[in-house]
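Input: a single structure, listed below in structure tokens.
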Amino acid sequence: MNQSDTLAIVKPDAFGAGKAGKILAHLESAGFRVVATRVVRLSRTQAEAFYAVHRERPFFGSLVAFMTSGPCMPVLLRREDAVAELRRVIGATDPAEADEGTVRALYAESKERNAIHASDSPENAGIESAFFFAGTDRLLA
Ligand code: GDP
């Protein structure tokens with residue numbers, strides 16, 4: 001299968017706790033290459049736009065407050081079947097339900113403060129990658 005790209009975000013809980021390096025090492029061990037990364041502090045407007053699909057959910061306000069609470073680290077990742085493989089490697093949304101050895105089982109604090117975001121479809125991977133990396137130099141182009 002051809003190489004494809006997907007977007008991860010090391011969320012403010014994990015980034016603030018100094019777990020970004022371990023999470024990136026975990027993803028590289030799982031066969032992903034880092035295509036691009038940066039450290040950003042999302043504004044409220046950016047977080048609301050990124051999670052707009054959840055606007056009507058009861059946890060939306062709390063999620064936006066969490067995602068703007070400190071720096072986070074978007075990462076553009078590449079491997080075969082990148083979207084599905086990253087979803088598998090990060091585990092279930094709630095770390096209590098995540099398979100052993102997944103990123104969320106290892107590093108997440110709670111269902112909301114769950115260490116990492118991963119795009120859930122190739123279409124969203126394209127949209128979310130452009131959100132953070134449009135116009136960015138990619139040495140692995
Ligand atoms: P994901 O694709 O596994 O990240 O999960 P979703 O797209 O369903 O939710 C987006 C994010 O919202 C999750 O990663 C959590 O940070 C947060 N979230 C999801 N469900 C809940 C919930 O029931 N309560 C709270 N407080 N946060 C949630």
Q: Please give the number of the condition Gly135 fails out of (1) modelled with pLDDT of 95 or more; (2) farther than 15 Å from Ile23 by Cβ; (3) open to solvent by 70 Å² or more (accessible area, probe 1.4 Å).
A: (1)
Q) Would it be correct to say that Thr45 is more than 10 Å from the ligand (Cβ to nearest atom), outside any strand (DSSP E or B) and among the hydroxyl-bearing types (Ser, Thr, Tyr)? A) yes
(Q) Which of the numbered conditions does Met1 fail, given that it passes all the others? Conditions: (1) surrounded by fewer than 16 Cβ atoms within 10 Å (Cβ to Cβ); (2) over 22 Å from Lys111 (Cβ atoms); (3) at pLDDT 95 or above. (A) (3)
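Leu77: away from the ligand (no atom under 13 Å from the Cβ) and assigned to a helix (DSSP H, G or I), yes or no? Write out each step before concluding.
Working: away from the ligand (no atom under 13 Å from the Cβ): yes; assigned to a helix (DSSP H, G or I): no.
Taking the combined requirement at face value, the residue does not satisfy it.
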Q. Hey, any hits in segment 123-135 for a residue that's more than 10 Å from the ligand (Cβ to nearest atom), among the aromatic types (Phe, Trp, Tyr) and out of contact with any helix residue (DSSP H, G or I) (no Cβ under 7 Å at 6 or more places or on another chain)?
A. yes
Q: Report yes if some residue within segment 85-100 is more than 15 Å from the ligand (Cβ to nearest atom) and of a type outside the set (Asp, Glu); otherwise report no.
A: no
Q: Tally the residues that are open to solvent by 70 Å² or more (accessible area, probe 1.4 Å), of a type in the set (Asp, Glu) and either in a helix (DSSP H, G or I) or touching a residue at least 40 places away in the same chain (Cβ under 8 Å) (or both), restricting the search to segment 113-132.
A: 1
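Residues checked against (1) open to solvent by 60 Å² or more (accessible area, probe 1.4 Å); (2) farther than 25 Å from Arg138 by Cβ:
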| position | (1), (2) |
| --- | --- |
| Leu7 | no, no |
| Lys22 | yes, no |
| Ala30 | no, no |
| Glu80 | yes, no |
| Glu85 | no, no |
| Val89 | no, no |
| Ala96 | yes, yes |
| Lys111 | yes, yes |
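Return the only residue of Thr68, Thr102, Thr93, Thr136 being of a type in the set (Val, Ile, Thr) and in contact with a strand residue (DSSP E or B) (Cβ under 6 Å, 6 or more places away or on another chain). Spell out the reasoning first.
Working: Thr68 fails: in contact with a strand residue (DSSP E or B) (Cβ under 6 Å, 6 or more places away or on another chain); Thr102 fails: in contact with a strand residue (DSSP E or B) (Cβ under 6 Å, 6 or more places away or on another chain); Thr93 fails: in contact with a strand residue (DSSP E or B) (Cβ under 6 Å, 6 or more places away or on another chain).
Of Thr68, Thr102, Thr93, Thr136, the one residue that is of a type in the set (Val, Ile, Thr) and in contact with a strand residue (DSSP E or B) (Cβ under 6 Å, 6 or more places away or on another chain) is Thr136.
Have a look at Ala96, Ala82, Ala118, Ala108 and point out the one that is aliphatic (A, V, I, L, M) and in contact with a Leu (Cβ under 6 Å, 6 or more places away or on another chain).
Values: Ala96 fails: in contact with a Leu (Cβ under 6 Å, 6 or more places away or on another chain); Ala82 fails: in contact with a Leu (Cβ under 6 Å, 6 or more places away or on another chain); Ala108 fails: in contact with a Leu (Cβ under 6 Å, 6 or more places away or on another chain).
Step by step, each of Ala96, Ala82, Ala118, Ala108 is checked, and only Ala118 is aliphatic (A, V, I, L, M) and in contact with a Leu (Cβ under 6 Å, 6 or more places away or on another chain).
Where residues in segment 56-68 are of a type outside the set (A, V, I, L, M) and within 12 Å of the ligand (Cβ to nearest atom), which of them is farthest from the chain's Cα centre (by Cα)? Walk me through how you get there before you give the answer.
Filtering segment 56-68 for residues of a type outside the set (A, V, I, L, M) gives 56-62, 66, 68.
Still in the list and also within 12 Å of the ligand (Cβ to nearest atom): 57-62, 66.
Details: Arg57: 20, Pro58: 21, Phe59: 18, Phe60: 17, Gly61: 19, Ser62: 18, Phe66: 14 Å.
Top of the filtered list is Pro58.
The values are calculated or read from the model by the stated rules, or taken from the named source; none is laboratory data. Since the model is a prediction, treat every value here as computed from it, not as a measurement. Reconstructed Cβ throughout: ideal geometry from the backbone, glycine too, with neighbour counts over all protein chains shown. Note: areas computed on protein heavy atoms with side chains; ligands, DNA, RNA excluded. Shrake-Rupley method; radii C 1.70, N 1.55, O 1.52, S 1.80 Å.
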